[in-house]
1. Under 9 Å by Cβ, and 6 or more places apart or on different chains, what pairs join a residue from segment 22-49 that is closer than 25 Å to L3 by Cα with one that is surrounded by fewer than 10 Cβ atoms within 10 Å (Cβ to Cβ)?
2. Consider I19 carefully, then state whether it is modelled with pLDDT under 90 and closer than 30 Å to R8 by Cβ.
Amino acid sequence: MTLLEQARSLSDDQLKTLITCLERERHARIEAAQEAARKEIERIAEEAGIVVNLRRKPADSTIELRQGDIYRNPANNLQEYVVGNGRPPNWFILLRAEKRLPPPAGRRSLKRMFRPLGRGGDYAASERRCS
């Protein structure tokens, strides 16, 4: 029996498990090949008298901010910051630097943040036209 025939005889759960295991094996092989290539490059560079460090940097655990996300100060729930609305407050900067920033409390829609301007460039005119 060929591999394809064997795969066709598997149940859905077995096939799902097999695919997961094969993906893990594939990623492990790719990482092993990359590591071998890094070591070879570093060895050649060392022989040439060049200092090279191709090691991966550890993953940065800073939270990626999305425009419109609402963050509330855990010490004072009345203080909030919407990403994209000006300079972040000090409490936000400190919590983010200490990697203690709580998850966003919500998200503002971009339509609310960036309303179209009415004639003359004032927001009141755009509000009158919409109502």
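1. Nothing qualifies.
2. For I19, the condition - modelled with pLDDT under 90 and closer than 30 Å to R8 by Cβ - is met.
For every residue, the table says whether it meets (1) in a strand (DSSP E or B); (2) assigned by TED's automatic domain parsing to the domain that holds P103; (3) on the phi > 0 side of the Ramachandran plot; (4) under 23 Å from the mean Cα position of the chain (by Cα).
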position	(1), (2), (3), (4)
A7	no, no, no, no
I19	no, no, no, no
E23	no, no, no, yes
Q34	no, no, no, no
R38	no, no, no, no
V52	no, no, no, no
Y71	yes, yes, no, yes
N76	no, yes, no, no
G84	no, yes, yes, yes
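The values are calculated or read from the model by the stated rules, or taken from the named source; none is laboratory data. All values derive from a computational prediction rather than experimental measurement. Note that we place each Cβ from the backbone using ideal geometry, even for glycine, and neighbour counts take in every protein chain shown.
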